[in-house]
Amino acid sequence: MAHTPILNWLHDLPFVVGLLVVCAVFVVPTLAGSYLLQPKVAKQFRGERDINTVLGFLLNAFALYFGVLLALLSIAVFENHNKAEDAVIREAAAIVKLYRVISNYPEDAQPELLGSLDRYVDQVIGPGWVIQQRGRINQTEIDILTAFHRALGKIQPENAGQSVRYAETLRVMDDLVEARRLRVSAATGAIPRIMWFVVLVGAVMNTVLIWMFDLRQSTHAMIGGTLSMFIALVIYMIAVLDAPFKGEFGVKPDAIAAIHAQTRMHR
């Protein structure tokens, strides 16, 4: 099932603008609270013996679990991004292999097969890539591959050499389908909303814990602002990598687009 990234709107913003927006969302409320809310929060703990030490242990424990969560999410989105890039490269390699195998077929069998392969490449790097960036499955790609299968099924090997070539075509075709499946899977996947909920609530709890310390307001502002800035940077990185084909840092179809320069099948 496809999941829409919860911070999907970030991919429509330039890098600097998106980064500033996310940092402002986290840092500005933290600084405002340090001067407006922190005195009232810290007041509830005044009179407790060595409260800053107790809160320090609590903050360390919280930071440990929250940091581990952010680290796991960072690793997950980075691996998904790499898998998406590898799937595109594998798909491009499969298309090139398929083109070379078909180029050795009899001339009367080549036009239909190469035509379908050409349309598939144009569809993937054109309208299909836009549809993929929206997290949707492109039905046209499936239709083209189906037409290719039908054309391939019409070929009847007449000798052992043609049988070997035909078997190789089917194997490479399976590689292409598998690479496409991995690409589609990477495009339609995203971090579940419940995990984003925990991360965002954790960021708020981190700020509230800092407000509990009995310190000067300027000290609260410096500590809270620094931690909020770092959390904002990590969350921004996770958000932009969560959708591996979107935005400035998304995977591009360069490997597949280069096929037209490597072969003669482009119209």
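The values are calculated or read from the model by the stated rules, or taken from the named source; none is laboratory data. Just so it is clear, the structure is predicted and the values come from calculations on it, not from any experiment. A quick note on method: Cβ atoms are made from the backbone with ideal geometry, for glycine too, and the neighbour counts reach across all protein chains shown. Surface areas here come from the heavy atoms of the whole protein model, side chains and all, with no ligands, DNA or RNA. Shrake-Rupley method; radii C 1.70, N 1.55, O 1.52, S 1.80 Å.
Kindly state, to the nearest 0.05, the FRET efficiency for T140 paired with E178, given R0 = 30 Å and r defined as their beta-carbon distance. Walk me through the intermediate numbers first.
Numbers: r = 19 Å, r/R0 = 0.64.
According to the calculation, E is roughly 0.95.
Once the piece of chain linking F197 and S163 is laid out straight, how much longer is it, given 0.36 nm per residue of separation minus the C-alpha distance between them?
Working: separation 34, 0.36 × 34 = 12.24 nm, distance 5.60 nm.
The F197-S163 span can extend by a further 6.6 nm.
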Could you tell me the calculated FRET efficiency between V21 and L72, based on Cβ-Cβ distance and R0 = 22 angstrom, to the nearest 0.05? 0.35
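Net charge near I137, counting Lys/Arg +1 and Asp/Glu -1 over other residues with Cβ under 11 Å of its Cβ? Let's see the in-between values first.
Values: positive: R134, R136, R180, R181, R183; negative: E141.
Counting the neighbours of I137, the net charge comes to +4.
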Which whole-Hz ³J(HN,Hα) couplings does region 116-127 yield from phi under the Karplus relation 6.51 cos²θ - 1.76 cosθ + 1.60, θ = phi - 60°, glycine and proline marked x? 5, 5, 5, 5, 5, 4, 4, 6, 5, 7, x, x
Sorting L215, L170, L241 by the position of each Cα along the dipole of region 157-267 (Lys, Arg +1; Asp, Glu -1; all at Cβ), the one nearest the positive end of that ordering is L170
Among (i) 22.0; (ii) 20.0; (iii) 18.8, find the value of Kirkwood radius over Cα pairs in Å that was calculated from the structure presented, and write down its label. (i)
Could you give the dipole magnitude of the chain about its Cα centre, charging the beta-carbon of Lys and Arg +1 and that of Asp and Glu -1, in debye to the nearest 20? 640
At R0 = 45 Å, FRET efficiency that the Cβ-Cβ distance of D254 and Q217 yields, to 0.05: 0.30
Among the aspartates and glutamates, select those whose C-alpha is under 13 Å from the C-alpha of K43, and discard any that sit fewer than 8 residues away in the same chain. D214
Using θ = phi - 60° and the Karplus relation 6.51 cos²θ - 1.76 cosθ + 1.60, list the HN-Hα couplings for region 216-233 in order, rounded to whole Hz, with x at every Gly or Pro. 5, 4, 5, 5, 4, 5, 5, 5, x, x, 5, 5, 5, 5, 5, 4, 5, 4
Rank V204, A160, G126 by how far each Cα sits towards the positive end of the charge dipole of region 118-264 (+1 on Lys, Arg Cβ; -1 on Asp, Glu Cβ) and give me just the farthest. G126
Out of K97, K43, K252, a Gaussian network model of the chain with alpha-carbon springs under 10 Å gives the largest mean-square fluctuation to K43
Please give me the summed charge of the neighbours of V124: other residues whose Cβ is under 9 Å from its Cβ, Lys and Arg +1, Asp and Glu -1. -1
The percentage of the accessible area of the chain (probe 1.4 Å, all protein chains present) made up of carbon and sulfur atoms, to the nearest whole number, is 64
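Pairs K83/K246; K83/K154; K97/K252: which are spaced more than 23 Å apart, C-alpha to C-alpha?
Numbers: K83/K246 15 Å; K83/K154 35 Å; K97/K252 21 Å.
Beyond 23 Å between Cα atoms: K83/K154.
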Report, to the nearest 10°, how far helix 51-102 tilts away from the longest principal axis of the Cα atoms in the chain, using its own Cα long axis and a range of 0 to 90°. 10
For the chain, the per residue accessible area (1.4 Å probe, Å²) is 55
